[in-house]
Amino acid sequence: TALECSQLSCRLRPNDPASMDTLATCHFAVGNIDQAISIEKDALRMMPYSREMRTTLEQFEKARVSKKP
């Protein structure tokens, strides 16, 4: 699956923000919203000026809020 491949990519390239961004997106796609947010925040700390990652994080956080009962 994409999630498994992305996890492998992150093991092969630890601390690579682009790989982490992809992993976060994969987690989000399978419903692991909290995990996606955590990983995306870590990636954003390494690339604080990435508008794309900031937008992705905002999307994940909005989804978490709308998911709560």
>> List the residue pairs whose Cβ atoms are under 7 Å apart, where the first residue sits in the range 4-32 and is under 16 Å from E58 (Cα atoms), the second is part of a helix (DSSP H, G or I) and open to solvent by 80 Å² or more (accessible area, probe 1.4 Å), and the two are 6 or more positions apart or on different chains.
In response: H27/Q35
>> Consider the range 3-37. How many of its residues are more than 21 Å from S50 (Cα to Cα) and open to solvent by less than 70 Å² (accessible area, probe 1.4 Å)?
In response: 4
> Does S66 meet the test of being surrounded by 15 or more Cβ atoms within 10 Å (Cβ to Cβ) and assigned to a helix (DSSP H, G or I)?
Replying inline: no
>> As an exercise: evaluate T56 against (1) crowded, with 20+ Cβ neighbours inside 10 Å; (2) of a type in the set (S, T, Y); (3) in a loop (DSSP other than H, G, I, E, B) and give the number of the one condition it does not meet.
In response: (3)
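The values are calculated or read from the model by the stated rules, or taken from the named source; none is laboratory data. From a predicted model like this one, the values you see are computed outputs, not experimental measurements. Positions of Cβ are generated from backbone atoms using ideal geometry, with glycine treated the same way; all protein chains shown enter the neighbour counts. Heads up: the accessible areas ignore ligands, DNA and RNA and are worked out on the full protein's heavy atoms, side chains in. Shrake-Rupley method; radii C 1.70, N 1.55, O 1.52, S 1.80 Å.
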